[in-house]
Amino acid sequence: IYGGKHHDIHERFVAPTIVEATSDSTIMKEEIFGPLLAIVTVPNVDTGIQFVNTHFTNKGEHPLALYIFSKNEDERNKIMTSVPSGMCAINDVLKQAGNLHMPFGGVGASGMGSYYGKFGFDFFSHYRGTLVENNYSTWKWDPTVWLINPPFDAKKLFGFRMLGKVVLVMDRLQGVVPMMKVFIPIAFAMACVFNPSILDAMLELNLRTILNWISHMIMGRT
């Protein structure tokens, strides 16, 4: 123990104290409110991350705030990525708690949610989802009447299965869209090279010219 010689129980005063600790130390098992600093010496950053994750993170004990003192950006990013925390302060221990434009709160054992400014308003607000159906149709062939309402027969079950497949197909097409964004301009450019009249028609934005070009293409092929 370093320091801590001056203390007064009646005045609730303790001089700043540094404690050499281990994972089994009492000071490492309770939240500290006072000028007490527990230090665990490790040979490098990776060992420090492993120590925190083994004895705390893996047990669901996440700190309210993570303080990192380093000039190395790669080290800072590694620690932030590896150790979950409610907040994080780099090369400081106070300013992050007084910034109303940042959410303040814990994660896991250190708290739930966040507050400060609009973040607190959002956390304590309930966003109620509301659906209003304005279709009053009673026509039996209306999909909202025929498909959704009972009785449910084989045709309706088939319709539900088809709708489900449409969703799956649309999800798969999302991966094709980026490729199409590249392929379509290239294909259009190549078409303009072999048929300059396409570009002329597009530049004129003349419906008659476009129709004439289409007609010419069709008649030319026939």
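Points worth noting:
- Of all residues in region 91-116 being among the hydrophobic types (A, V, I, L, M, F, W, C) and in a loop (DSSP other than H, G, I, E, B), the one that is farthest from Asn72 (Cα to Cα): Met112
- Count - residues of region 26-47 that are surrounded by 13 or more Cβ atoms within 10 Å (Cβ to Cβ) and part of a strand (DSSP E or B): 3
- Comparison of Asp153, Asp74, Asp92, Asp142 shows that the only residue that is surrounded by 10 or more Cβ atoms within 10 Å (Cβ to Cβ), charged (D, E, K, R) and over 24 Å from Glu30 (Cα atoms) is Asp142.
- Per-region count, region 117-139, residues open to solvent by 100 Å² or more (accessible area, probe 1.4 Å), aromatic (Phe, Trp, Tyr) and not in a loop (DSSP other than H, G, I, E, B): 1
- Flag if Ala38 is at pLDDT 85 or above and touching a Gly at 6+ places or on another chain (Cβ under 7 Å): no
- Against the list (1) open to solvent by 60 Å² or more (accessible area, probe 1.4 Å); (2) more than 19 Å from Val107 (Cα to Cα); (3) modelled with pLDDT of 85 or more, the condition Met80 fails is (2).
- Filtered residues of region 48-61 (kept if surrounded by 12 or more Cβ atoms within 10 Å (Cβ to Cβ) and touching a residue at least 40 places away in the same chain (Cβ under 8 Å)): Glu61
- Residues of region 6-28 that are touching a Ser or Thr at 6+ places or on another chain (Cβ under 9 Å) and at pLDDT below 90: His7, Ser23, Met28.
The values are calculated or read from the model by the stated rules, or taken from the named source; none is laboratory data. Since we're looking at a predicted model, the values are computed, not measured. FYI the Cβ positions are ideal-geometry reconstructions off the backbone, even for glycines, and counts take in every protein chain you see. Surface areas here come from the heavy atoms of the whole protein model, side chains and all, with no ligands, DNA or RNA. Shrake-Rupley method; radii C 1.70, N 1.55, O 1.52, S 1.80 Å.
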